[in-house]
Amino acid sequence: MQTNYAFMDLSNTDFSHQFLHSCNFAGSNLQGCNFSHSTLSYSNFRSANLDGANLTSCNLLGADLSKANLEGVNFALCIGNGVDVFSMQLLEIPFVWTKQKLFIGTTSIEIAKFVKNPSQILENLTHSLGGYLHILTQAINLTIGE
């Protein structure tokens, strides 16, 4: 598979189920692309437009997403890169979050709503998540610097 996709218009391309380790997507238009179930570890997405892309169940370890447009990206069930996309697994429940959204399994919550009114969201999630909410709240606070 090609490894240099820098500064290309690849919008709506299906990259699902691919091994794209160390690929260069820097500055590319990846709007609406499907990367689900792909290995994207150590790939370069610097300044890429990922608006509306599907990164469900991807491996992003070491990936560079700095200055990328992450608006509307689906990061559900990803392994994060620890800089732009964070993840952890607590028993069978995967948590993935960016500075904009939190994904619990495949359910997403906007971080701004969580931070502004945590008690309401905590009440809604308590039944299904139980004791994990305290750990999750701490992880999000570390991410957004509060």
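The values are calculated or read from the model by the stated rules, or taken from the named source; none is laboratory data. Because the structure is predicted, anything quoted here is derived from the model rather than measured. Cβ placement follows ideal geometry from the backbone for every residue including glycine, while neighbour counts extend to all protein chains displayed. We work out accessible area using only protein heavy atoms, side chains counted, and drop any ligands, DNA or RNA first. Shrake-Rupley method; radii C 1.70, N 1.55, O 1.52, S 1.80 Å.
Structural remarks
- Net charge dipole, the stretch 1-91: roughly 160 debye, given to the nearest 20, about the Cα centre with Cβ charges of +1 for Lys and Arg and -1 for Asp and Glu.
- Accessible surface of the stretch 15-111 [probe 1.4 Å, protein heavy atoms]: carbon and sulfur percent: 48
- Rounded to the nearest Hz, the phi-derived 3J(HN,Hα) couplings of the stretch 21-32 under the Karplus curve 6.51 cos²θ - 1.76 cosθ + 1.60 (θ = phi - 60°) are 4, 6, 7, 10, 10, 3, x, 7, 8, 10, 4, x, where x marks glycine and proline.
- Taking θ as phi - 60° and the Karplus parameters 6.51, -1.76 and 1.60, the scalar couplings of the stretch 60-73 work out to 10, 4, x, 5, 9, 10, 5, 6, 7, 7, 9, 4, x, 6 Hz in sequence order, x denoting glycine and proline.
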